[in-house]
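For reference, the structure discussed in these notes is given below.
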Amino acid sequence: MIEIVDISIGKVVPSLDDVLSEQGIRDLSLASERTRLLAEKSIADFEKFANPVGIIRKISNGDFKLVYHGEGKNESDTPLDLVYPKASALSLFAITLGDDISKRINAYFDKNEFAAGSMLDSAASAGAELSADYVESHFRKKLSKKGNYAKSTGVMRFSPGYCGWHVSGQRKLFEYLHPDKIGIELNDSYLMKPLKSVSGVMVAGAYQIFEFEDNFPFCAECSSHSCIERIKSLADK
């Protein structure tokens, strides 16, 4: 069953640290006063223009195999190939911040206010990730209510375009999930509109199933290797 998830804006507003981190500033004390003011304005803009909403749909391991392999363009060996067959539950998801915030970002750039546009873009990216976190938490609570979430259970998100899952996988994902119900469209290049949207699969299972090394060939192209920290944090959730 497809479920629309209402996302409270107050739960996904990025912090000053979140916004500046997206700008590559990891230490708040290193930000100039002007940069801090721009970041604070971007947060205010986010609260005004973002309209976060999510959609989820439970999927069986067998059906997900069809979605995941999509148009047959995935890497031959991927982390998700190792993980999803061992999952206790899977759910496709998508979130979007809506079109208004993208229009606001574009308006800044159209007026040559590049710093403000770039900062709001960072705030929106951070807010989109927080919105995906919100939907993941919602999924976790649903599992818990059904008695399918134990202390040893973890949840990780995977998205087309990352970790060897070819971006063309969006096509099958959209056919199954129908994110158009929350206003997300897919273009011929498999890019989502509104731009500040995230889609993928949430995988639940014993956290040991997520213990893989980031030594796949495509891992060399990853700048963050954030999966390692996410894997380490699973046991604490």
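Inside the stretch 209-232, can you point out the residues that are loosely packed, with under 12 Cβ neighbours inside 10 Å and touching a residue at least 24 places away in the same chain (Cβ under 8 Å)?
If the condition is that a residue be loosely packed, with under 12 Cβ neighbours inside 10 Å and touching a residue at least 24 places away in the same chain (Cβ under 8 Å), then Pro217 is the only one that fits.
Where in the stretch 1-109 are the strands (runs of 3 or more DSSP E), entirely inside, with at least 2 residues that are acidic (Asp, Glu) and touching a residue at least 60 places away in the same chain (Cβ under 8 Å)?
none
Could you run through the stretch 110-166 and say how many residues are closer than 15 Å to Leu195 by Cα and part of a helix (DSSP H, G or I)?
The total comes to 14.
Suppose we keep only residues that are surrounded by 18 or more Cβ atoms within 10 Å (Cβ to Cβ) and out of contact with any strand residue (DSSP E or B) (no Cβ under 8 Å at 6 or more places or on another chain) within the stretch 165-208. Which one would you say is nearest to Asp63 (Cα to Cα)?
Per the stated criteria, the residue is Lys172.
So which residues in the stretch 182-208 are closer than 30 Å to Asn148 by Cα and assigned to a strand (DSSP E or B), if there are any at all?
Of everything in the stretch 182-208, those that are closer than 30 Å to Asn148 by Cα and assigned to a strand (DSSP E or B) turn out to be Ser197, Val198, Ser199, Gly200, Val201, Met202, Val203, Ala204, Gly205, Ala206.
Restricting to the stretch 106-141, count the residues that are crowded, with 23+ Cβ neighbours inside 10 Å and more than 18 Å from the chain's Cα centre (by Cα).
1
Looking at Ile4, Ile95, Ile56, which one is touching a Gly at 6+ places or on another chain (Cβ under 7 Å), closer than 28 Å to Phe210 by Cα, at pLDDT 95 or above and of a type in the set (Val, Ile, Thr)?
The unique qualifying residue is Ile95.
Can you name the condition, by its number, that Phe210 falls short on among (1) within 19 Å of Phe139 (Cβ to Cβ); (2) within 16 Å of the chain's Cα centre (by Cα)?
For Phe210, the exception is condition (2).
The values are calculated or read from the model by the stated rules, or taken from the named source; none is laboratory data. Predicted model, so just to flag it, every value in this text is computed and none were measured. Reconstructed Cβ throughout: ideal geometry from the backbone, glycine too, with neighbour counts over all protein chains shown.
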